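Accompanying notes for the structure given below.
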Amino acid sequence: MSEHEDAQQLSTEWSRSMGLRLPVVNAPMGGVAGGRLAAAVTAAGGLGMIGMGSAGSAPALETQLPYLDGVDGPFGIGVVDWVVRERPELLEMAIAARPRLLSVSFGTDTAWVARVREAGIVTATQVYDAEDARRAQDAGIEVLVARGEEGGGHGAAGMNMLPLLDAVLKVAEVPVLAAGGLAEPADLELVLAAGASGAWLGTRLAACTESLLSDAGRAALVAAHGTDTVVTEVFDVGLELPWPAKFPARVLRNEFTGRWVGHEAELAADASAHAALSAAAAADDLRVAPVDAGLGVGAVTAVRPVGEVLRELCAGALHLRNEGHH
Ligand SMILES: Cc1cc2nc3c(=O)[nH]c(=O)nc-3n(C[C@H](O)[C@H](O)[C@H](O)COP(=O)(O)O)c2cc1C
């Protein structure tokens, strides 16, 4: 049996309904998951997603969309609640792009749901506890992403991925994807066995050849171990971004986190530290500027094409599943 046919055996009811060969979605990572990464994930059989983060805008999305032209398979777009409320034209463009799935995360305003559903687009959001899951589901959101605190980038801290997945599955009447720290074949096999309809993978794919990261960003992820991250709001305070306090970010530790974690109030009042951080971010100086990464970062040991990483993950997960049946 070919590797291709093999991996398709991992599919779930949800992944088949979405027209996917693999039950995997790349997380919509702002500044990382552009059109090239999304196109490569879709080409590999997963759901490729373009991420528009805090710097997301309609022009930025417009430059990423052409990479999806002619790609054989569905794609998605993910945006951030406070960003689309500041820049509503970004949500308009995302809807007009006709993705198969649109996620809006990090907010409680669900006015977008009806509009997106009316356009025939599947709605998704990230949830962090059973109450969140219930609220999202009651608002008509069709796919819940149970994102554990192991995950990279922004998200509520509090629950580890597996207990969260169990809690969300108990209340969910809609498909649930698992997210947070999923990096190895065993992780994928585990969440599918637990009842997830698919895996939402961020960090594991962030250093891939097709991502928007700079070479320095990729190198930082490759060099980092699973013990090198911290959950903090210091970069959002320093860059004066209006992230809700409920959503700190998991990032790689660096000189900036070393200096400011635990001193957030002092940082908030220090204009020169803000200016230095902005300059470092503009210069891609990662001793100071942020690199989002989850606990699975230790599994990122080389820069590789995303199709290769996904095939290996899925073939490995399938192998583990079949072994378990013996
Ligand atoms: C570099 C990076 C950027 C991210 N940007 C976004 C974003 O713009 N929007 C979003 O909904 N989630 C974003 N996330 C969070 C992911 O959606 C997801 O929760 C997380 O990647 C899952 O954990 P993992 O990184 O351990 O796989 C980002 C994550 C990373 C690692």
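The values are calculated or read from the model by the stated rules, or taken from the named source; none is laboratory data. In this text, all values refer to a predicted model and were calculated from it rather than measured experimentally. Note: ideal-geometry Cβ built from the backbone for every residue, glycine included; neighbour counts use all protein chains shown. Only protein heavy atoms, including side chains, enter the accessible area calculation; ligands, DNA and RNA are left aside. Shrake-Rupley method; radii C 1.70, N 1.55, O 1.52, S 1.80 Å.
Couple of notes before you dig in:
- The Cα-based radius of gyration of the chain, divided by its Kirkwood radius, gives an Rg/Rh of 0.95.
- Label separation (residue 215 vs residue 276): 2.8 nm, computed from points 7 Å beyond Cα along the C-beta direction.
- Cβ-derived FRET efficiency at R0 41 Å, residue 261 paired with residue 72, nearest 0.05: 0.35
- Rounded FRET efficiency, nearest 0.05, which uses the C-beta distance separating residue 302 from residue 323 and R0 of 22 Å: 0.30
- Carbon plus sulfur fraction of accessible area for the chain, probe 1.4 Å, in percent: 52
- Between the exposed loop cleavage positions of the chain, defined as GluC sites (Glu not before Pro) in a non-H, G, I, E, B DSSP state with at most 16 neighbouring beta-carbon atoms within 10 angstrom, the longest gap is 1-172.
- Derived scalar couplings ³J(HN,Hα) [segment 216-224; Karplus, 6.51 cos²θ - 1.76 cosθ + 1.60; whole Hz; x for Gly, Pro]: 5, x, 4, 4, 5, 5, 5, 6, 6
- Per residue accessible area in Å² of segment 215-282, where ligands, DNA and RNA are left out and the probe is 1.4 Å: 48
- Alpha-carbon Debye profile of segment 1-110, log10 I(q)/I(0) at 0.11, 0.14, 0.16 Å⁻¹: -0.34, -0.53, -0.67
- Length added when fully stretched, residue 119-residue 315, from 0.36 nm per residue minus Cα-Cα: 67.0 nm
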